[in-house]
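Asks: Below you'll find the structure I mean.
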Amino acid sequence: MGTNVQTITEQVSLIASETTWIEGAAIQQLKKTAELSGMVRVAGMPDLHPGRGYPIGAAFYTRNKIYPALVGNDIGCGMSLWQSSLKVSKINLDKFMKKFDRVEAPLDESWSEVVKRRKGEKDITTQAFDLSLGTIGGGNHFAEFQAIDQVYDAKALKALGLDKKQLQLLVHSGSRGLGQSILVEHIRQFNHHGLIAGSEDCQHYMQQHDEAVRWAELNRELIARRFLEAARSEGHLVLDVNHNLVTAKALDNQSGYLHRKGATPSDLGYVVIPGSRGDYTYLVKPQPSEQSLYSLAHGAGRKWKRGDCQGRLSHKYKKDDLVKTALGSRVICGNKELLYDEAPQAYKKCESVVADMADAGLLEVVARLRPVLTFKTHGDCS
DNA sequence: ATGTAC
């Protein structure tokens, strides 16, 4: 075992240094999840925190069964990084912020052709949630313009087609109401018992799951395209990685299923580990490892529960204090609850989470990106 | 997390 790989039980490991704060409740959930039938191994990431019954920031490996509830409602949620054609040096923040007045409504008619074409190309037939396509949603979802602030591996940066002078766009969103509807219907039918791998019910779930993953990818693409258009910019996709999904994966020459809930794949090339708005994002080169179930943290990880944050912060920080950050970036968030719940103070430092994984030999840092403008929502009190 | 619940 390398450093920063803690053994909780025979089945359960945790990627974190001894000094990284992990809530006890999250470890309890991790151990509880390991007791599910068919569970082989569970790995917690350094951003592990409690969820509703199951923890967030973890990978779960099963044989013979899959557990849709472990993936959760936001099937296909992930991170998409685009490079814009805008020069960082040309950005006037006060002016720039005003460009994003119309990025929350359903996509208008001017998008219908590209939506139709891309849905076809991605074999997405469901129409029930078309109105949500191209919208960010709530919670920890965002669209954030960033500047490459430190380069540690210039070769890798170049291989990705990234230019330090260009403004980048990071999109965090998922399958909106579609994934939710799939999970709700599944739980109504099967509760939390999971599905026998290969069964008809399992195949049916996987078919819906896979479509929701493709829908979430298209959603991020459309969000990026509409933000780039609003910024009067061109752009190209650099990477897109899902952190909520279940996929077939062979381990020890035996087939099985790798569930990821807030866990970024480390076996698919470069990924980003985002800090909460007001903190740095890290572009990293993963080193695939079975020790972490081929996964990495999907972010900095919550330190404080949603709902607790306003009480903990409002004595010290008013609304106006939270829309400008210590790194000089701006935040558009007209929803007061979200403004507090997603404040950088509510999260761990991304640097420490990344360092835990680097020290465990799970990644090498390519570059550090600093936030420029984080868009959450115009909300109800902007 | 959620075209946000009783």
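Asks: Can you figure out the FRET efficiency of residue A:184 with residue A:310, using R₀ = 25 Å and their beta-carbon distance, to the nearest 0.05? Intermediate values should be presented prior to the final figure.
Replies: Values: r = 28 Å, r/R0 = 1.14.
For residue A:184 and residue A:310, the calculated efficiency is 0.30.
Asks: What accessible surface, in Å², does a 1.4 Å probe find on residue A:196, ignoring ligands, DNA and RNA and rounding to the nearest 10?
Replies: 100 Å²
Asks: If the label point is 7 Å along Cα→Cβ of residue A:359, which residues in the range A:9-50 have backbone nitrogen under 19 Å from it?
Replies: Residues A:13-24, A:44-49 fall inside that zone.
Asks: Per-residue HN-Hα couplings for the range A:100-112, Karplus 6.51 cos²θ - 1.76 cosθ + 1.60 at θ = phi - 60°, whole Hz, x for Gly and Pro?
Replies: Result, rounded to whole Hz: 10, 6, 10, 10, 10, 5, x, 4, 7, 4, 5, 9, 4.
Asks: Computed on alpha carbon atoms, what radius of gyration and Dmax characterise the range A:65-217, expressed in Å?
Replies: Here Rg and the maximum Cα pair distance are 19.0, 56 Å.
Asks: Excluding same-chain pairs closer than 8 in sequence, count the lysine pairs in the range A:236-321 whose Cα atoms lie under 26 Å apart.
Replies: 12
Asks: Taking Cα centroids, how far is the range A:1-43 from the range A:252-296 in Å?
Replies: 16 Å
Asks: Using only helices, what value at 222 nm comes out for chain A when you add -39,500 (n - 2.57) per DSSP H run of length 4 or more and divide by the total residues, to the nearest 500 deg cm²/dmol?
Replies: On the way: 11 runs with 107 residues, N = 382.
Value at 222 nm, helices only: -8000 deg cm²/dmol.
Asks: State the dimensionless ratio Rg/Rh of chain A (Rg: radius of gyration of Cα atoms; Rh: Kirkwood radius). Mind showing how you got there, number by number?
Replies: Details: Rg = 19.9 Å, Rh = 21.0 Å.
A ratio of 0.95.
Asks: Let me ask another. Could you state the number of Å between the C-alpha centres of the range A:146-196 and the range A:315-349?
Replies: Using only Cα atoms to place each centre, the spacing works out to 22 Å.
Asks: List, in order, the whole-Hz ³J(HN,Hα) value for each residue of the range A:165-180 obtained from phi through the Karplus relation with A = 6.51, B = -1.76, C = 1.60 and θ = phi - 60°; use x for Gly and Pro.
Replies: The phi angles translate into 7, 8, 7, 9, 10, 10, 10, 10, 7, x, 9, 6, x, 5, x, 4 Hz.
Asks: How far apart, in nm, are the 7 Å Cα→Cβ label points at residue A:153 and residue A:91?
Replies: Between residue A:153 and residue A:91, the label points sit 2.4 nm apart.
Asks: Whole-Hz ³J(HN,Hα) for each residue in the range A:119-134, computed from phi via Karplus 6.51 cos²θ - 1.76 cosθ + 1.60 with θ = phi - 60°, x for glycine and proline: what do you get?
Replies: For the range A:119-134, the Karplus curve yields 4, x, 5, 9, 6, 9, 9, 5, 10, 4, 10, 3, 5, 8, 5, x Hz.
Asks: How would you rank A:116-125, A:235-244, highest first, on the average number of other Cβ atoms within 10 Å across their residues? Let's see the in-between values first.
Replies: Numbers: A:116-125: 12.6, A:235-244: 19.9.
Peptide ranking by packing, descending: A:235-244, A:116-125.
Asks: Within straight cross-link reach of residue A:87, meaning Cα distance under 18 Å, which aspartates and glutamates are found once same-chain residues fewer than 8 apart are removed?
Replies: A:144, A:149, A:163, A:229, A:234
Asks: Test of the criteria: in the range A:9-63, which GluC sites (Glu not before Pro) are in a DSSP loop and have at most 11 other Cβ atoms within 10 angstrom of their Cβ?
Replies: Numbers: sites: A:10, A:18, A:23, A:35; in loops: A:10, A:18, A:23, A:35.
Loop-located and lightly packed - A:10, A:18, A:35.
Asks: Another question about this same structure. log₁₀ I(q)/I(0) of the range A:1-153 at q = 0.16, 0.17, 0.19 Å⁻¹, via Debye over equal Cα point scatterers, no solvent, to two decimals?
Replies: Values, matching the q order: -1.06, -1.09, -1.16.
Asks: Rounded to the nearest 0.05, what FRET efficiency is calculated for residue A:9 and residue A:326 with R0 set to 30 Å and r the Cβ-Cβ distance? Don't skip to the end; give the middle numbers.
Replies: Working: r = 39 Å, r/R0 = 1.31.
Plugging the Cβ-Cβ distance into 1/(1 + (r/R0)^6) gives 0.15.
The values are calculated or read from the model by the stated rules, or taken from the named source; none is laboratory data. All values reported here derive from a predicted model rather than from experimental measurement. Note that each Cβ is placed from the backbone with ideal geometry, even for glycine, and that neighbours are counted across all protein chains shown. The protein model used for the area step is the full one, side chains on, heavy atoms only, and it has no ligands, DNA or RNA in it. Shrake-Rupley method; radii C 1.70, N 1.55, O 1.52, S 1.80 Å.
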